[in-house]
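Shown next, in structure tokens, is the structure this report addresses.
Quick note: the coordinates plus some simple rules give every number you see, no bench work behind them. As the structure is a computational prediction, the values presented were derived from the model and not from experiment. Positions of Cβ are generated from backbone atoms using ideal geometry, with glycine treated the same way; all protein chains shown enter the neighbour counts.
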Amino acid sequence: MIIMKIESLFNPKSVAIIGASRDPNKIGNVILRNFLQSYRGKIFPVNPNAETILGLKCYKSILDIKEKVELAVIVVPAQIVPQVLEECGKKKVKAAIVISGGFAEVGRKDLEESIKEIAKKYDIALLGPNCLGVFDPRSGVDTLFLPEYKLKRPRAGNISFLTQSGAIGSVTLDLFSDENIGVDKFISYGNATVLDEVELLKYLLKKKTTKVILFYIEGAKNGKEFVKVLKKVRKPIVVMKGGISQEGIKAAFSHTAALTSNSQNYLALFRQFGLIQAERYEELFDFAKIFSTQPKTKGKRVGIVTNGGGAGVVATDAISANSLELAQLSEETINSLKQKLPDYVNIRNPLDIAGDADAKRFEVAIEAMLNEKNVDMLMIILLFQTPGADSSIINSLAKYKNAQKPMIVVTMGGAFTRLHKSIIEANGIPVYMSPNSAARALKALYDYSHHFPK
């Protein structure tokens, strides 16, 4: 039943924006505009001091709306949220999102306990308070109060992001949009007064449209239930734990009133149940790309194709530093490549196909590596600064985007490189800006594949 109620957060037939505003600088106005631009259901603005807002009839209370309301988005001052939520209960809304802050995170535990009791009384699936809420590019539900000209919304995809921090989540969404990476569900759950990480993880684990889960957590509300849901994990979950240092723990409590405990216990749990830990923020982004596009790997042996010898050396060091192995090419592969590549190419791994390599030479090398029985994963280093590297190479890469082995690209450089990076990723191939970040992503994929071999 709770899973069905949570679905109302993302696919409601009707929504009330309680606290809708005529002021374009107010959160209630931004959220209402979001829904008008993308949502296809019925929208009811609620504001006792307005007759109409943005061309829609405005209601003094949700109780004045004669039609059914499935979702309520609440953006009123904290002290009147209990009254508003009580009216939502009487209206029989299924779910509510309290965007407003000013609860336990600033010492008002009484207010937070009040809305918790009201939500339980009326069986409302309540998200928040003190959160950004949700974004679903398929249904058009968008409670992010950050204007689209500042935060571009990503396209629909297979990555869901569950985050206790709206700031971490919003920056990541903006980066996803910039890199043309798709999102299934975005959930900023703030203080987790009713719906916490346990129910929300259960929901995402059941969603067929979610292939990968990104998870930023500062502290779990219910440790025992949290462990139970981690035992059921079979999808890739890339997790970042906030509040590892003592000062970080204090900051987490003032941020979302999170109940943080020994961070080492969390990290041990993540390792035990096969979650992939992102130690740095950028790893959330890097790991999401590889898990959303690439198959599992059968082993840790990496093949490297490069059109720059020094880059191949750096990649070899990165492979070793991440406890992966450099694949040894078979005699069959070596002999085949000798027949197809110029005499000045040294046939070994890393395979440096020289600075004059063109699209055809890349194809020969990639196909040989993918067919090599000793290669489990392939890293392609593509330096667009070289004479032979032009836009035609993108078509060559796209031929192998559905390969049975993981294949990633490393490309480094300025504007010309960044342009081609976006096009390559639009073809479903993850691209990294350094061999080090690429090697860490391959290691994360190997760790997950090793933990869940089937």
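Stretched out fully, how many nm does the piece from Gln339 to Leu370 gain, at 0.36 nm a residue minus the Cα gap?
Values: separation 31, 0.36 × 31 = 11.16 nm, distance 1.75 nm.
Here the segment from Gln339 to Leu370 would lengthen by 9.4 nm.
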Review point. What are the residues whose amide H is under 5 Å from the amide H of Tyr432, where those residues sit 5 or more places off or on another chain and H is modelled from the backbone?
Key: Val409, Val410, Thr411
Revision key, fill the gap. Expected vector for the stretch 379-395, Karplus 3J(HN,Hα) from phi with 6.51, -1.76, 1.60 and θ = phi - 60°, integer Hz, x for Gly and Pro, equals 10, 9, 9, 10, 9, 6, 6, 6, x, x, 7, 9, 5, 5, 5, 4, 5
Review point. From the phi of every residue in the stretch 4-12, what ³J(HN,Hα) in whole Hz does the Karplus formula 6.51 cos²θ - 1.76 cosθ + 1.60 yield, where θ is phi - 60° and glycine or proline is x?
Key: 5, 5, 4, 4, 5, 5, 10, 10, x
Check your understanding: Given the Cα atoms of the stretch 1-132, and with Rh set as the inverse mean 1/r over their pairs in the Kirkwood sense, what is Rg to Rh to two decimals?
Key -> 0.94
Check your understanding: Lys/Arg Cβ at +1, Asp/Glu Cβ at -1, dipole of the chain taken about the Cα centre: which of Leu445, Ala318, Leu132 is farthest positive-ward?
Key -> Leu132
Check your understanding: With θ set to phi - 60° and the Karplus curve 6.51 cos²θ - 1.76 cosθ + 1.60, what are the ³J(HN,Hα) couplings of the stretch 134-150 in order, to the nearest whole Hz, using x for Gly and Pro?
Key -> 10, 9, 10, x, 7, 8, x, 5, 8, 9, 5, 8, 9, x, 5, 6, 9
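What full-extension length gain, to one decimal in nm, is calculated for Ile423 and Lys206 as 0.36 nm per residue of separation minus the Cα-Cα distance? Don't skip to the end; give the middle numbers.
Working: separation 217, 0.36 × 217 = 78.12 nm, distance 3.15 nm.
My answer for the length gained is 75.0 nm.
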Point to revise | Centroid-to-centroid separation of the stretch 1-39 and the stretch 65-86 [C-alpha atoms, Å] | key: 11
Check your understanding: Amide H neighbours of Ala192 under 5 Å, counting only residues 5+ apart in sequence or on other chains, H built in-plane at 1.01 Å?
Key -> Gly128
Practice item. Taking every Cα atom in the chain, find the radius of gyration and the maximum pairwise distance Dmax, and write them in Å. Key: 24.9, 81
Exercise for review: Run down the aspartates and glutamates and flag those whose C-alpha is under 16 Å from the C-alpha of Lys152, throwing out any fewer than 8 positions away in its chain.
Suggested key: Asp136, Asp142, Asp174, Asp178, Glu179, Asp184
Practice item. Return the whole-Å distance between the Cα centroid of the stretch 191-233 and the Cα centroid of the stretch 97-124. Key: 20
Revision key, fill the gap. Whole-percent tail of the Cα-Cα distance distribution for the stretch 295-451, cut at 28 Å, equals 11
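What number comes out for the charge environment of Tyr149, summing +1 per Lys or Arg and -1 per Asp or Glu over other residues with Cβ under 12 Å away?
On the way: positive: Arg33, Lys150, Lys152, Arg153; negative: Glu148, Asp174.
Summing Lys and Arg as +1 and Asp and Glu as -1 gives +2.
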Check your understanding: Dividing the alpha-carbon radius of gyration of the stretch 105-240 by 2.2 N^0.38 Å (N being the number of residues), what value is obtained?
Key -> 1.05
Practice item. Starting from the Cα-Cα distance between Glu279 and Lys454, subtract it from 0.36 nm times their residue separation and give me the gain in nm to one decimal. Key: 60.4 nm
Point to revise | Nonlocal Lys pairs with alpha-carbon distance under 18 Å, the stretch 295-451 (8 or more apart, or different chains) | key: 20
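Suppose every K and R has +1 on its Cβ and every D and E has -1 on its Cβ; what is the size of the dipole of the chain about the Cα centre, in Debye to the nearest 20? Don't skip to the end; give the middle numbers.
Numbers: 61 positive and 46 negative charges, 324 e Å.
The dipole of the chain has a size of about 1560 debye.
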Exercise for review: Could you pull out every residue, at least 5 positions away or on a different chain, whose amide H is within less than 5 Å of the one on Phe384? Hs are placed 1.01 Å off N in the peptide plane, and Pro or chain starts have none.
Suggested key: Met412
